[in-house]
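Structure record follows, encoded as structure tokens.
The values are calculated or read from the model by the stated rules, or taken from the named source; none is laboratory data. Not measured: the values here are computed from a predicted model. Note: ideal-geometry Cβ built from the backbone for every residue, glycine included; neighbour counts use all protein chains shown. To get the accessible areas, we keep the full protein, side chains included, count just its heavy atoms, and leave off ligands, DNA and RNA. Shrake-Rupley method; radii C 1.70, N 1.55, O 1.52, S 1.80 Å.
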Amino acid sequence: MIFGDPGVIVADQTSQARTTSEEWLRDARRARALSLVTLVWLGVESGLGIAAGLGSHSVALIGWGASSLVEALASLIVVWRFTGHRTHSADAEGKASRAVAISFWLLAPYLALHVAYDLQMGHRAVPSALGAAVTAVSLVSMPLLGLAKRRLGARLGSAATSGEGTQNLLCAAVAAGVLAGVALNGVGWWWADPAMAVLLAAVAVREGRKAWRGQSCCH
């Protein structure tokens, strides 16, 4: 036996579906807005990080600055994903997830080659006030952005958004490692800086595999 007016039940279901759709669209707009904000900051971060790394011969700092460019690519992909007709496209989500995976993989060979070059040339990292300042800002800001994007990615069912959030968290972790590596180099542990760069390359490969399979990345 069915109790209640069937017309009212259908109306309630329609209202709930509309509410859910509106919430999803709001989250999609938030994801796009966060990616745009991140994109602006990463442009500044990358330029300053690479300049500081070249000045101090820090392969980890250069790699961190280069990884900011990779993160910027992931941000662009998410903006593309949630713009226009692609917002509701499952096909666009699949393409975006694979593109984010490729952005992870672009970083690994660059870091490996740069580490090999610096070791061959005998370059050693030296302290950099500019590098310390930029990495410190990212150490504070990137986890906030990364966690927000991962929550949005879970609600949206978007591995691309979650993957971008993971890249932000990875940026923060590497910023901490870069600061530690330069400090340890000051007490004679010169290998700490290239070791951090190699670790970053390995993590990028692993997270790229997850993003390619459409999984939400985690640390």
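Rank by packing, highest mean first: peptides 68-74, 30-36, 91-97, with packing defined as the count of other Cβ atoms within 10 Å averaged across residues.
Descending packing order for the listed peptides: 68-74, 30-36, 91-97.
Based on the Cβ-Cβ distance of GLN120 and ALA148, what FRET efficiency does E = 1/(1 + (r/R0)^6) give at R0 = 45 Å, to the nearest 0.05?
0.60
Run the quick spin-label model on THR83 and ARG26: label points 7 Å from Cα toward the beta carbon, then report their separation in nm to one decimal.
2.5 nm
Working with all protein chains in place, sort SER162, SER21 by solvent-accessible area computed with a 1.4 Å probe, largest first.
Largest accessible area first, the residues go SER21, SER162.
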